[in-house]
Amino acid sequence: MKATTLIARRYLFSKKKVSLVSVLTLISISGVTLGTALLIIVLSVFNGFFDLVQGWMMAQDPDIRIESATGRSLSWEEHHNQLLSEIPEIQVVSPYVEGKALVALRGGDFMVARVRGVDTEAFSRMFELETFFAGGDFDLSIRDRRPGVLMSRQKLSRLGLDMGADLRLISAESIQRSLTQFSGPRNFAFEVRGSYRLIQPQDDAPMYIEKAAAQRLFNMRAAISGVDLQLTDHRQADAVKARLQAALGPEYSVRTWFDLQKALYDVMNLEKWGAYIILMIIVLVAVLNIVGSLTMIVIQKTKDIAMLRSIGFTPADIRAIFLKQGLIIGLIGCGLGGSAGILLTWLQDRYGMVKMFGAESFIIDAYPVVFTYSDLALILSGSLILCIIASLYPAKRASQIEITDGLRYE
């Protein structure tokens, strides 16, 4: 062990007596420990909520969505399907038709709703229907001259409808056409076949109908609004997006699952790193104690420093002694805080010790946590850097002590 390391340890943890220096050192270590543990726990909670929301969004969003960049409908021909078939990462191709429609309510009232027409077979392969469409069969076929419609449970309750009830939809195109032809807008009758439940940041859950029925409703003939793609692994979305965008050209908009909810994901990332910066202030307060404790050691050990200089220690050696003291405080604090943070995160993940307020109306009952080694490395490195920076001033002051000044009154 180097002499500078041995002296640094002895200055910090003297066994002779409890002094103000040892108390300040203990406070500094405690502050770094607390700050590190809190950072690990809080960032793990943010990661847990991010994964939870991502799971909700990906339950209803495709891995990749292709739409027109210039108009409402998408020009899609057979050679486009051939292009998709040549990409091995693409597992399911699901075309859809989407638009806004008026839902005719009892008493003459109307409500605007988002209607999506899907290909039943492809849509069934893309999503876990048994999970979300548990309120009835996923049946959009025509029965008794009426096609089926599925809607969210919230919308079904708001409309006051039951299974098997009739529902009439009027598209904006039909209303516009009626104004020019001086006739009433054409409405389309549907039968409520089921309901589903999806967690969304806003109540804009679509009503699902058959693709052909949506094309008639929105007067789109054989056109579609877009194509949803499911990949073998959603982490390949960016690479597949780049390939598709290059092949399709600027007339097409290709977005990944992240792009579809980018605003929400960006806000959650901003909150996470905002919390990181704020909680680092706790470590910064502890670091200020390091400045005080090491400065006190410099004042108390002035004679010792002068004697070390007299036997051959250079100013760089003296500076290294106090820098190592700051590093030792940081290592101990980060080690204890990191261990405590990892342990508490594991306990929360396994046993859900801390429950969420109002959990009876939420989908989970305890705070979710996801521990990542990248966050751990960032937290520990940030805390250690702050501890070393805090020891720069005392180290510089100690290295400037001259032999004559330290031994003047001896």
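What follows is calculated from the coordinates using simple rules that are stated; it is not laboratory data. The model shown is predicted, which means the values in this text are computed figures rather than measured ones. When we count neighbours, we look across all protein chains shown, and the Cβ atoms used for this are built from the backbone with ideal geometry, even at glycine.
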Original post:
What dipole magnitude, in Debye to the nearest 20, does the chain give about its Cα centre under +1 on Lys/Arg Cβ and -1 on Asp/Glu Cβ?
Top reply: 1860 debye
Subject >> the chain: calculated mean residue ellipticity at 222 nm from DSSP helix runs of at least 4, using -39500 (n - 2.57) >> reply: -17500 deg cm²/dmol
**OP:** Could you rank the peptides 73-83, 380-390 by their average count of other C-beta atoms within 10 Å per residue, with the highest value first?
**Re:** 380-390, 73-83
**OP:** List every residue whose amide H lies under 5 Å from the amide H of Ser152, counting only residues 5 or more places away in sequence or on a different chain, with H placed 1.01 Å from N in the peptide plane.
**Re:** Tyr196
Original post:
Hey, if you put +1 on the Cβ of every Lys and Arg and -1 on every Asp and Glu Cβ in the chain, which of Ser124, Leu279, Ser75 ends up farthest toward the positive end of that dipole?
Top reply: Leu279
**OP:** Mind sorting out which of [x] 1.52; [y] 1.27; [z] 0.98 is the real Cα Rg over 2.2 N^0.38 Å computed from the coordinates?
**Re:** [x]
Subject >> Residue-span extension gain [Thr5 to Ala242] - 0.36 nm each, minus C-alpha spacing >> reply: 80.0 nm
Original post:
Given +1 on the Cβ of Lys and Arg, -1 on the Cβ of Asp and Glu, and no further charges, what dipole in debye does the range 62-260 carry about its Cα centre, rounded to the nearest 20?
Top reply: 820 debye
**OP:** For every other residue with a beta carbon closer than 11 angstrom to the beta carbon of Ile321, add +1 if it is Lys or Arg and -1 if Asp or Glu, then tell me the sum.
**Re:** +4
Original post:
Listed highest first by mean packing, meaning other Cβ atoms within 10 Å per residue, what order do 86-99, 236-249 come in?
Top reply: 86-99, 236-249
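Say the cut-off is 18 Å between C-alpha atoms; which of Lys100/Lys155; Lys303/Lys324; Lys301/Lys324; Lys324/Lys396; Lys155/Lys355 go over it?
Beyond 18 Å between Cα atoms: Lys303/Lys324; Lys155/Lys355.
How high is the relative contact order of the range 62-260? Use alpha-carbon pairs under 8 Å, at least six apart in sequence, and give a whole percent.
Dividing the mean separation by the residue count of the range 62-260 yields 39 percent.
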**OP:** Report the calculated FRET efficiency for Ile278 and Gln300 (r = Cβ-Cβ distance, R0 = 45 Å), to the nearest 0.05.
**Re:** 0.80
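Within 10 Å, count the other beta carbons around each residue, average over each peptide in 145-152, 368-375, and list them highest first.
Highest mean packing first, the order is 145-152, 368-375.
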Original post:
Given a cut-off of under 8 Å on Cα pairs at least six residues apart, what relative contact order in percent is computed for the chain?
Top reply: 30 percent
Original post:
Which is farthest toward the positive dipole end of the chain among Ala316, Ser157, Asn187, measuring Cα position about the Cα centre, with Cβ charges +1 (Lys, Arg) and -1 (Asp, Glu)?
Top reply: Ala316
